[in-house]
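The structure under discussion appears below in the form of structure tokens.
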Amino acid sequence: MRHATKLVLFLTAPLLFTQCGINRQVQQAKGLSKSKYAIHSADSITIAGYDVREFKDMRGLDDVNPLNYPRIAAGLIKKDVPFRANLNVEITNPTNEIAAINQFDYRLLLAGNELASGTVDRRVEVPANGGKVIVPIPVNANAYGLISSSSTRNAFVDLVRNLAGSDQVAPARVTLKIRPTLMLGNKQVKYPGYIDIDKEITRDMLSPNNKPAP
């Protein structure tokens, strides 16, 4: 009888541990859904390989001399203008449970048009009771579509000028959409819908190392 009892316990223990693991991940997911998100800062920003700070005094695309920036000129011809940046997203967890995700998809929109999208494939844990974590999101985009379209060109120029550190331009508004992926047992489950983060981009949000000299 004792052997039979031990056998039952042995066979059911993995199921109990799996269920406990799933419950823990569900609680962590709930903490994530109640967390607050904000774009904290930006750094490592380049356009066609040029440091964005070189465009601080730019008023429009006509100010970009192709002789001084041949890679941009070539990119416009090839319809491929690489735009690179790191957006540092701050996640604050106000709950009394750890908030955690295993990875997340993201989309970055400017003037309602997608600038970049991708996946951050890393586990993120945010401590409970007001804990904060900064998560860098790499932006790798082809800016040609935004530059060539009359409906988004000015918005992109304003974004570049703000990221370059100009104080002579209105803030540029972007929307970062995040969709977390959770591990429930051995199965990946995507969060139902995107979490939207609206942010006005100004020179004040540049990381210290990226701010231009006064």
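Values quoted throughout were computed directly from the atomic coordinates according to the rules given, and no laboratory measurement underlies them. In this text the structure is predicted, and so the values were computed from the model without any measurement. FYI the Cβ positions are ideal-geometry reconstructions off the backbone, even for glycines, and counts take in every protein chain you see.
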Counting other beta carbons within 10 Å of each residue's own, what order do Ser150, Ser41 fall into, fewest first? Ser150, Ser41
Taking a ≥ b ≥ c as the square roots of the Cα gyration tensor eigenvalues, with a/c under 1.5 meaning rounded and otherwise prolate when a/b beats b/c or oblate if not, region 104-213 comes out oblate
Taking 31 Å as the cut-off for C-alpha to C-alpha distance, list the pairs among Lys34/Lys56; Lys79/Lys187; Lys78/Lys187; Lys78/Lys132; Lys56/Lys177; Lys132/Lys187 that go past it. Lys34/Lys56; Lys79/Lys187; Lys78/Lys187; Lys78/Lys132
For region 33-78, run through the trypsin sites (Lys or Arg not before Pro) and keep only the ones in DSSP coil with at most 13 other Cβ atoms within 10 Å of their Cβ. Lys34, Arg59
Please give the length that would be gained between Asp121 and Asn186 if that part of the chain were fully extended, namely 0.36 nm times their separation in residues minus their C-alpha to C-alpha distance (nm, one decimal). 21.8 nm
